[in-house]
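Participant: Before I ask anything, let me first share the structure, which is written out below as C-alpha cells.
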Amino acid sequence: MVNERSAIIKIGDKEYELLLTTKATKEIAKKYGGLEKLGDKLLTNKDYEGAIGEIVWLIVTLANQPILIHNYKNPNDKKELLTEDEVEILTTPQDLANFKDAITEALYKGVQRNIVSEESKNAVGE
C-alpha cells in the first residue's frame, strides 16, 4: 500500500503510513461535513489550540487506517493504535507543520482516480 495510496511520516522514532480509506473518509465527513470542507476548517481555524487539535486528530485518523487494516487481517497479531496523546508528546509544532505535505499527499492519493479509456473503434483516419 505504501506510496501507491499513502504517505509516510515519522513520529518519534517510528514511521507511520497515512492512508485515506472509506472509513477515514466517513469520519472526516462526520466531523467536517466532507473532504472539501476539511481544508477550509484547517485554514480558517483562528484558535491555535483548536488548529493543533484538528491536525493531530487528522494525523491519528489517517495513521491508524493501516493499523486497523493490519489488525483486521491479523487478529492474532494486533498492533496498538496511535493516540492523540502520543502525537502531541512525540512531536513539535514544527513537525506538525512539516506533516502538512504528507497529509495532502495521502488525501490526494485516496481520492485520485486512475481512469484508463479504450481507444475509439471509430478513430479518425480509419
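The values are calculated or read from the model by the stated rules, or taken from the named source; none is laboratory data. Remember, predicted model here, so these are calculated numbers, not experimental data. Cβ placement follows ideal geometry from the backbone for every residue including glycine, while neighbour counts extend to all protein chains displayed.
Participant: Mind checking which pairs have a first residue in segment 47-59 that is within 10 Å of residue 84 (Cβ to Cβ) and a second that is of a type in the set (Lys, Arg) and modelled with pLDDT of 80 or more, Cβ under 8 Å, 6 or more apart or different chains?
Facilitator: 57/31
Participant: For segment 32-50, does any single residue satisfy the condition of being surrounded by 15 or more Cβ atoms within 10 Å (Cβ to Cβ), modelled with pLDDT of 90 or more and within 26 Å of residue 94 (Cβ to Cβ)?
Facilitator: No, segment 32-50 contains no residue that is surrounded by 15 or more Cβ atoms within 10 Å (Cβ to Cβ), modelled with pLDDT of 90 or more and within 26 Å of residue 94 (Cβ to Cβ).
Participant: Which condition number in (1) more than 15 Å from residue 19 (Cα to Cα); (2) in contact (Cβ under 8 Å) with a residue 40 or more places away in the chain is the one that residue 75 fails?
Facilitator: Status for residue 75: all satisfied but (2).
Participant: In addition: Going through segment 6-34 one residue at a time, which ones are in contact (Cβ under 8 Å) with a residue 12 or more places away in the chain, assigned to a loop (DSSP other than H, G, I, E, B) and more than 11 Å from residue 66 (Cα to Cα)?
Facilitator: Listed by number, the list holds a single entry, 12.
Participant: Among what's in segment 84-124 and is part of a loop (DSSP other than H, G, I, E, B) and either surrounded by 13 or more Cβ atoms within 10 Å (Cβ to Cβ) or within 15 Å of the chain's Cα centre (by Cα) (or both), pick the residue that is modelled with the lowest pLDDT.
Facilitator: 112
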